[in-house]
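Asks: The following block contains the structure, expressed as structure tokens.
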Amino acid sequence: MSLIEITDVRKSFGPNEVLKGINLDVEPGEVIAIIGKSGSGKSTLLRCINGLETISDGSISVAGAQLLDDEAHLKALRLKVGMIFQQFNLFPHLTAGGNVMLSQMVVKKTPKPEAEEMARKMLERVGLDHKFDAYPDELSGGQQQRVAIARALAMQPIALLCDEITSALDPELVAEVLAVVRELAAEGMTLLMVTHEMRFARDVCSRVVFMHQGRVHEIGPPEEVFANPQTPELKQFLGVH
Amino acid sequence: MNYQFEFGWLFEYYPQIVKGIAITIQLIAVGAVAGISLGIVCAWVRALGPAWAKPVVAAYVELIRNTPFLIQLFFIFFGLPSLGLQLSELQAANLAMVVNLGAYSSEIIRAGIQATPKGQFEAGSSLAMTPFEIFRHVVLVPSLQRIWPALSSQVVIVMLGSAVVSQIAAEDLTFAANFIQSRTFRAFEAYMVSTAVYLLLAILLRQVLGMVGWLIFPRRAAR
Amino acid sequence: MIEFTIWDILRNLLLATRWTIALSLVSFIGGGLVGLALLFLRISRRKWARAVAKYYIELFQGTPLLMQLFIAFFGLGLFGIDVPAWLAAGVALILWSAAFLGEIWRGCVEAIAKGQWEASASLGMGRLQQMRYVILPQAMRIAVPPTVGFSVQVIKGTALTSIIGFVELSKAGTVVTNATFQPFTVYGLVALIYFALCWPLSKSSQILERKLNVAHRNH
Ligand SMILES: Nc1ncnc2c1ncn2[C@@H]1O[C@H](COP(=O)(O)OP(=O)(O)O)[C@@H](O)[C@H]1O
Ligand SMILES: [Mg+2]
């Protein structure tokens with residue numbers, strides 16, 4: 001049984017069908033890069049997996065549990081799957097430490113000392129233990145994104161969804177975030193990431209998914225997908241002829 | 001509760017109600033047109049007017065915005081005669097509406113003017129326009145367009161506030177309701193009916209103001 | 001005829017001002033509590049709850065406060081209770097304030113970036129937890145200036161309760177005028193007292209607003 005099973009998933013916004021039957025199984029420890037043109041439905045797919053959008057048809061299951069649209073099931077799902085956003089979405093009224101502690105205490109009812117200990121550990125893991133008391137607006141974009149990663153990790157998810165997590169960063173800050181992700185991958189975390197960092201995808205990912213117009217257009221190990229694209233759309237996307 | 005609702009009086013008293021509605025509409029029509037005009041003048045003074053006039057207008061605006069309309073009305077109707085200015089009920093009501101909306105609308109319009117991009121003033125100057133010409137031809141209409149929704153809401157608020165002019169015996173809709181309840185002892189019904197009419201007037205007024213905005217502002221130049 | 005000095009007039013007006021202040025406080029606090037309930041209905045995920053709050057707000061914002069006072073005064077009387085003016089005044093002003101505060105606060109909640117809802121949802125928080133720990137702490141900051149600003153409307157709104165016979169500053173103004181035949185002086189003083197109550201609130205609302213905008217730009 002796969003860790004994440006996505007079967008015939010369809011999603012429409014009004015008359016606009018954005019996902020047109022997605023099938024994808026993700027094994028534990030896999031790192032999957034999702035690439036494709038803007039508007040091809042990459043974000044929507046990740047958001048469906050996290051229950052931020054309700055799917056119109058098909059099914060998604062994570063670790064054997066079906067994704068259903070009620071608060072109890074959603075909560076159970078979100079405890080298993082964390083999400084990192086392009087815009088960081090840190091809570092501006094809380095410190096870095098507070099950001100990492102909040103959901104542990106509120107959702108998991110972890111006592112404060114343990115939540116704090118976990119927060120320090122997670123911030124250390126992303127290289128920011130010294131920024132425990134800093135507010136988000138005192139941190140650089142790269143640091144904010146690393147806090148967001150620590151915040152998701154503190155919930156001890158079995159998989160992480162990353163939606164263009166370096167796209168809002170200045171070029172010189174991209175590397176520090178990717179280094180953290182690379183480490184997570186090496187430790188065996190299951191990752192689904194939408195990314196434009198092709199080199200990173202080639203080096204780190206086990207499989208690459210090319211999405212086009214709401215469908216999985218090509219899928220395979222990076223060496224195949226990048227070196228030997230089959231469809232004209234992927235060739236055009238990669239700029240090879 | 002053993003109360004029997006009774007609306008039969010409506011047939012007998014509808015002329016009073018119609019007259020009251022007409023006066024309420026007249027009040028807000030005059031109040032809106034003259035009040036917004038006054039607001040524009042005040043906003044101009046505070047943005048570009050002579051230095052001596054600015055604090056005068058500021059004091060007027062602050063005084064009106066920080067006192068109840070009812071007291072403004074009483075002051076005008078009961079207080080001004082001792083300065084030799086004797087007004088009829090309806091004149092006093094009209095004046096109070098204009099003075100009140102003038103202050104509120106000047107603040108709203110001023111916010112619209114302040115949101116004008118600086119480049120607009122500079123472009124006007126570079127075309128050798130005087131400050132007044134820039135205000136009149138470049139700044140004013142887009143500013144009004146920006147704040148038209150807020151201004152419309154304020155007009156509706158002032159219309160609803162006009163209910164208190166009945167207190168100086170101006171014969172508006174509320175006056176009609178008071179009159180009917182004193183004759184029929186059907187206070188609850190009389191006020192329910194007039195409240196419903198006010199609600200309808202408020203909805204209608206909002207529509208009318210939306211339409212006015214649609215007519216006077218260029219459609220494409222939104223922002 | 002007795003001669004009234006300015007001081008006599010002012011003393012009587014100031015005594016009545018206590019009731020204006022008391023009624024304003026009750027209305028503002030009561031309105032805040034009901035307004036909070038309205039806010040939760042207004043942003044609920046249940047359609048009927050949103051509709052209830054929406055129509056409530058439209059009804060109270062779309063009709064004159066004076067009519068609401070009349071209806072409270074005569075309507076409560078239908079239940080066979082002899083309604084004292086202060087009770088009708090308090091009830092009407094609380095319900096009226098709630099409509100405005102609920103709407104102001106809804107605007108503040110909606111001004112919080114969507115990403116805050118999504119991030120907190122993705123961490124497994126339920127709707128109430130999101131509100132309690134993430135959205136409200138941020139919305140409250142931006143809600144302070146307009147809320148303080150609305151308190152001015154409440155104070156001015158209490159003037160209308162004189163019409164149903166509650167004796168506060170405005171009513172005292174009328175009573176004193178009838179005794180002194182000096183409407184210009186009396187209503188002038190009444191206006192100044194209202195101004196003294198309202199202006200500091202208006203001004204602090206403006207200053208808070210400006211501070212918030214500056215803080216915002218520095219982020
Ligand atoms: N909330 C929404 N409402 C309506 N349309 C949406 C919404 N979210 C995304 N879309 C549409 O779905 C399509 C795919 O969007 P998205 O998944 O964000 O693409 P990608 O992340 O690949 O750029 C786009 O055409 C977008 O306009
Ligand atoms: Mg996207």
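The values are calculated or read from the model by the stated rules, or taken from the named source; none is laboratory data. Owing to the predicted nature of the structure, the values given are computational and were not obtained by experimental measurement. All Cβ positions, even for glycine, are placed from backbone atoms using ideal geometry, and neighbour counts span all protein chains on display. SASA here: full protein model, heavy atoms, side chains in, ligands and nucleic acids out. Shrake-Rupley method; radii C 1.70, N 1.55, O 1.52, S 1.80 Å.
Asks: Could you work out how far the C-alpha centroid of segment B:1-76 sits from that of segment A:95-109, in angstrom?
Replies: After rounding, the separation between the Cα centres reads 52 Å.
Asks: A further question follows. Give me the accessible area buried between chains C and A, both sides summed, with a 1.4 Å probe, in Å² rounded to the nearest 100.
Replies: Using a 1.4 Å probe, the pair buries roughly 1800 Å².
Asks: How much area per residue is accessible in segment C:65-213 when the probe is 1.4 Å and only protein heavy atoms are counted (Å²)? Mind dumping the intermediate values first?
Replies: Details: 5680 Å² over 149 residues.
Here the residues of segment C:65-213 average 38 Å² of exposed surface.
Asks: Let me ask you something else. Measuring from centroid to centroid over Cα atoms, what is the spacing of segment C:5-20 and segment B:81-127 in Å?
Replies: 33 Å
Asks: Can you give the calculated 222 nm mean residue ellipticity of chain C, where each DSSP H run of n ≥ 4 adds -39,500 (n - 2.57) and the sum is split over every residue, rounded to the nearest 500 deg cm²/dmol?
Replies: -27000 deg cm²/dmol
Asks: Hey, another quick one. Go through C:163, C:19, C:206 and say which Cα lies farthest out towards the positive end of the charge dipole of segment C:6-218; charges sit on Cβ, +1 for Lys and Arg, -1 for Asp and Glu.
Replies: Towards the positive end, the residue furthest out is C:206.
Asks: Taking Cα pairs under 8 Å and at least six residues apart, what relative contact order does segment A:4-238 come out at, in percent? Kindly include the intermediate steps, with their values, before the conclusion.
Replies: Working: 426 pairs, mean separation 64.2, N = 235.
That works out to 27 percent.
Asks: Could you work out the longest stretch of chain C that avoids the trypsin sites (Lys or Arg not before Pro) located in DSSP loops with at most 11 other Cβ atoms within 10 Å?
Replies: The segment C:47-219 is the longest one with no such site.
Asks: In Å² (nearest 100), what accessible area is buried between B and C, both sides summed, heavy protein atoms only, 1.4 Å probe?
Replies: 3100 Å²
Asks: Still on this structure, please answer the following. I need the chymotrypsin sites (Phe, Trp or Tyr not before Pro) found in segment C:112-219, filtered to DSSP loop residues with at most 16 other beta carbons within 10 Å of theirs.
Replies: Those that pass, being in a loop and sparsely packed, are C:181.
Asks: So for the protein assembly as shown, what are the equivalent ellipsoid semi-axes in whole Å, largest first, each being the square root of 5 times an eigenvalue of the Cα gyration tensor?
Replies: Equivalent ellipsoid of the protein assembly as shown: 60, 29, 25 Å, largest first.
Asks: Let me ask another. In whole percent, how big is the carbon plus sulfur part of the accessible area of segment B:9-216, probe 1.4 Å, protein atoms only?
Replies: 71 percent
Asks: Next question. With N residues in chain A, what two-decimal value do you get for its Cα radius of gyration over 2.2 N^0.38 Å?
Replies: Working it through for chain A, the quotient is 1.01.
Asks: If you look for lysine pairs in segment A:4-238 that are eight or more places apart or on different chains, how many of them have Cα atoms under 15 Å apart?
Replies: Close lysine pairs found across segment A:4-238: 9.
Asks: Let me ask you something else. Which angle from 0 to 90°, rounded to the nearest 10, does the C-alpha axis of helix A:141-153 make with the longest principal axis of chain A?
Replies: Compared with the principal axis, the helix lies near 90 degrees.
Asks: For segment C:60-143, what class follows from the C-alpha gyration tensor (a ≥ b ≥ c being the square roots of its eigenvalues): rounded when a/c is under 1.5, otherwise prolate if a/b is larger than b/c, else oblate?
Replies: The shape class here is prolate.
Asks: Write out the GluC sites (Glu not before Pro) in segment A:113-194 meeting two conditions: DSSP loop, and at most 12 other Cβ atoms within 10 Å of their Cβ.
Replies: Numbers: sites: A:114, A:116, A:117, A:124, A:138, A:164, A:172, A:176, A:183, A:187; in loops: A:164, A:187.
Counting only loop positions with at most 12 other Cβ atoms within 10 Å, the GluC sites (Glu not before Pro) in segment A:113-194 are A:187.
Asks: Name the lysines eligible as straight-distance cross-link partners of residue B:118: C-alpha to C-alpha under 22 Å, and not fewer than 8 places from it in the same chain.
Replies: Leaving aside lysines fewer than 8 places away in the same chain, those within reach of residue B:118 are B:54.
Asks: Would you work out what percent of the accessible area of segment A:4-238, with all protein chains in place, is carbon or sulfur (probe 1.4 Å)?
Replies: 47 percent
Asks: While we're looking at this one, here's another question. Relative contact order of chain B, please, whole-number percent, based on alpha carbon pairs below 8 angstrom and at least 6 residues apart.
Replies: 28 percent
Asks: Ignoring any ligand, DNA or RNA, what whole percent of the accessible area of segment C:10-155 comes from carbon and sulfur when the probe is 1.4 angstrom?
Replies: That fraction is 70 percent.
Asks: Taking only pairs that are 8 or more places apart or on different chains, how many Lys pairs in segment C:6-218 have Cα atoms under 26 angstrom apart?
Replies: 8
Asks: Using only the Cα atoms of segment C:69-219, build the gyration tensor, take square roots of its eigenvalues as a ≥ b ≥ c, and label the shape rounded, prolate or oblate: rounded if a/c is under 1.5, else prolate if a/b is larger than b/c, else oblate.
Replies: Taking the square roots of the gyration eigenvalues as a ≥ b ≥ c, segment C:69-219 is oblate.
Asks: Could you work out how far the C-alpha centroid of segment C:61-134 sits from that of segment B:173-223, in angstrom?
Replies: About 23 Å separates the Cα centre of segment C:61-134 from the one of segment B:173-223.
Asks: State the extension gain, in nm to one decimal, for the chain segment bounded by residue A:10 and residue A:156, taking 0.36 nm per residue of separation less the distance between their alpha-carbons.
Replies: Once the chain is fully extended between residue A:10 and residue A:156, it gains 49.7 nm.
Asks: Right, here's the next one. Rounded, prolate or oblate: which fits segment B:72-223, taking a ≥ b ≥ c as square roots of the Cα gyration tensor eigenvalues, rounded meaning a/c under 1.5, else prolate when a/b beats b/c?
Replies: Oblate shape, in that a/c is at least 1.5 and b/c is the bigger or equal ratio.
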